[in-house]
Each structure stands twice: as C-alpha cells, then as structure tokens.
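**Student:** My questions all concern the structure below.
Please treat every number below as a calculation from the coordinates, not as lab data. Worth saying up front: this structure is predicted, and the values here are computed from it rather than measured. Here the Cβ is made from the backbone with ideal geometry for all residues, glycine too, and neighbour counts use every protein chain on show.
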Amino acid sequence: MIGMTRKAKIAVSLPADLVRAAKSAVRGGRAPNVSAYVADALEEKVVLDDLKSLLDEMLAETGGPLTRAERTTADRILRGSTSRRR
C-alpha cells in the first residue's frame, strides 16, 4: 500500500450517500472500518492519477492522442478481433 506505514488524521466533509456506502461496506465485511475504506479509495485514486500521468507522458512522446482510426484499431485488438468490419 502507498504510504501506509505512517498514518495522519485529517477531517474531511463527504456527501452523505458516500458515508452511508462506506458504513455499509464495513457492515458487509468489505472493510475493517470507514477509515480503511476511505484510505483504499484514495489509494486507488492515486494509482489512477499516476497511470493517467504516465499515459499523458507516453502520448506526448509518441505524437499525441490517438486518432479515431488508431482508437478503432486498438479497440478491435483489445476485443480480440483482428478482422475488419465492412
């Protein structure tokens, strides 16, 4: 886990529905407590932000965002289909 060796206490304001969802996760055994649930969510956000930064950097080094044709080809490959639609 990212930075979980030391802990810092903070106060945050969250939408009530998110608090209910976090408490429900704890009651359902999906997290030991609300703090752990929130920490896991923040950790995921940090990872996604890091991946986005990496993708942005890679795109900048290789000519920028994909064109529509490149995106279509990539989507087709990722779906496991290399045949072209006609």
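**Student:** Consider only pairs whose beta carbons are under 6 Å apart and that are at least six residues apart or on different chains; among these, list those whose first residue lies in segment 54-66 and is on the phi < 0 side of the Ramachandran plot and whose second residue is of a type outside the set (A, V, I, L, M) and not in a helix (DSSP H, G or I).
**Tutor:** These pairs meet every condition: LEU59/PRO65.
**Student:** To continue, here is another question. Would you mind finding the one in THR67, THR62 that is surrounded by 10 or more Cβ atoms within 10 Å (Cβ to Cβ), hydroxyl-bearing (Ser, Thr, Tyr) and more than 21 Å from the chain's Cα centre (by Cα)?
**Tutor:** Just one listed residue meets the conditions, THR67.
**Student:** Can you work out which of the residues in segment 30-70 that are assigned to a helix (DSSP H, G or I) and of a type in the set (S, T, N, Q) is farthest from LYS7 (Cα to Cα)?
**Tutor:** SER53
**Student:** Looking only at segment 10-53, filter to residues that are touching a residue at least 12 places away in the same chain (Cβ under 8 Å) and not aliphatic (A, V, I, L, M); which one of those is farthest from PRO65 (Cα to Cα)?
**Tutor:** That would be TYR37.
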